[in-house]
1. Restricted to region 1-48, and to residues that are assigned to a strand (DSSP E or B) and open to solvent by 30 Å² or more (accessible area, probe 1.4 Å), which residue is modelled with the lowest pLDDT?
2. State whether one or more residues within region 29-43 are in contact (Cβ under 8 Å) with a residue 40 or more places away in the chain, of a type in the set (Phe, Trp, Tyr) and touching a helix residue (DSSP H, G or I) at 6+ places or on another chain (Cβ under 7 Å).
3. Strands (runs of 3 or more DSSP E) wholly in region 49-134 with at least 1 residues that are open to solvent by 40 Å² or more (accessible area, probe 1.4 Å) and without any contact (Cβ under 8 Å) to a residue 40 or more places away in the chain - which ones?
4. Restricting to region 135-152, count the residues that are open to solvent by less than 70 Å² (accessible area, probe 1.4 Å) and part of a loop (DSSP other than H, G, I, E, B).
5. Identify all residues within region 81-100 that are over 29 Å from Leu168 (Cβ atoms) and of a type in the set (A, V, I, L, M); write none if there are none.
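The values are calculated or read from the model by the stated rules, or taken from the named source; none is laboratory data. Model, not experiment: these values are computed from the prediction. For neighbour counting, all protein chains shown are included, and Cβ atoms are generated from backbone atoms with ideal geometry for every residue, glycine included. All accessible areas refer to the heavy atoms of the entire protein, side chains included, with ligands and DNA or RNA removed. Shrake-Rupley method; radii C 1.70, N 1.55, O 1.52, S 1.80 Å.
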Amino acid sequence: MMLRNNGDSTDQVIHPFAPVYGPDSRILILGTMPSRVSRQQGYYYGHPQNRFWQVLAELFQVPVPKIQADREKLLLDHQIALWDVLQQCRISGSSDSSIRVPVPNDLIWLLGKCPIQRIFTNGQTAARLYRTWCEPHTLFPCVGLPSTSPANGRYSKEMLCAAWRQILDF
């Protein structure tokens, strides 16, 4: 959900998606906030140039999932929970660097639902926000992974897969 603010170029965005998790989820991957395209598509990492689903498919040696049900199956089959650090914020477009007035999601609630052993973040902004707003409450450190966003052009898909490979250790 997005609320337009007429005073400047940022929008107040409320996280539109429920977390994806199962009773045996051991890994939690946290993004920052769904991009504008993802919000329009109605699911996490919906931007066609975001490499999140490609990276996971490569790591787990499965076809790249194209629809929401197949994406959820990929996550749950590999004991992965997926959510975002923020429940709401002010943001300009999809730019993480423009995030203002962040309000974190209730990660304590999610951690009580499944036996998470490791938290990874998709990008350094998600890691920084998690460490600032969530870790003092969860007392659970995170591992920051490079962003799969198309804005992270420094990393090829191969480089992302190499960096993300550490999620296979759990």
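1. That would be Met2.
2. Looking for residues that are in contact (Cβ under 8 Å) with a residue 40 or more places away in the chain, of a type in the set (Phe, Trp, Tyr) and touching a helix residue (DSSP H, G or I) at 6+ places or on another chain (Cβ under 7 Å), one finds none in region 29-43, hence no.
3. 100-104
4. Final tally of qualifying residues: 7.
5. Passing the criteria: Ile91, Ile99.
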